[in-house]
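J.: Below is a structure I'd like to ask you about.
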Amino acid sequence: MIAQLQGTVLDVGTSTVVVDVGGLGYSVLSTPATLADLRPGAQVRLFTHLVVREDSLTLFGFGNASERGTFEALTSVQGVGPRLALAMLAVHSPSALASAVAEGDRKALEKVPGIGAKVAARLLLELGGKLTLPAQEGGARAAITDGRAQVTEALVGLGYNAKVAEKAVESVTDGPIGDDEVSHTLRAALQNLGGSRG
């Protein structure tokens, strides 16, 4: 099991990052929130989970242990594979997922593409008590009241012009956004931009 990678960021895409570890380039699938903080040439440490299939080895990487823990808890639920779990973390932060489960908020879970009423109900049933709010890790970022700058930085890191990135963010938000909305806003901005990197 590969539990952690530490090395140099070679490339950052919309859903993957390539990390150079001792001359080997590892392609790692990750969440928008984690990818938003990465830049080519920077040193990074990712908490990883290796999924072994008959015809493939797939690495999933996360910026902190609580995000990986949430991913592993999600994939323990029948009907929730690694990619669906990653999609859930792209839409909701670990703390938002923990809150949704604690409050029995099925509609919040159904906002994730691919999750219907049955899977949402199963998630609420099987995850009760398994997800905890990452209070310590979330403390530093809780002070950020407007995550638009973070989304803009992420778009620039993905190769978009700064002004184009700012306009894309403005087009999908009508005011300040909280930390739990960064991932959703980044996805919306990317959809708005399409393939243009003007």
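The values are calculated or read from the model by the stated rules, or taken from the named source; none is laboratory data. Here the structure is a predicted model, which is why all the values come from computation and not from measurement. Methodologically, a virtual Cβ is constructed for each residue, glycine included, from the backbone with ideal geometry; neighbour enumeration extends over all protein chains shown.
J.: Does the stretch 31-54 include one or more residues that are crowded, with 20+ Cβ neighbours inside 10 Å, among the aromatic types (Phe, Trp, Tyr) and in contact (Cβ under 8 Å) with a residue 12 or more places away in the chain?
T.: No - not one qualifying residue is present in the stretch 31-54.
J.: Filter the stretch 66-107 down to the residues that are acidic (Asp, Glu) and surrounded by fewer than 18 Cβ atoms within 10 Å (Cβ to Cβ) and list them by number.
T.: Of all residues in the stretch 66-107, those acidic (Asp, Glu) come to 67, 72, 103, 105.
Hits for the stretch 66-107 are 72, 103, 105.
J.: Can you work out which of the residues in the stretch 141-198 that are farther than 22 Å from residue 67 by Cα, assigned to a helix (DSSP H, G or I) and of a type in the set (Lys, Arg) is modelled with the lowest pLDDT?
T.: 163
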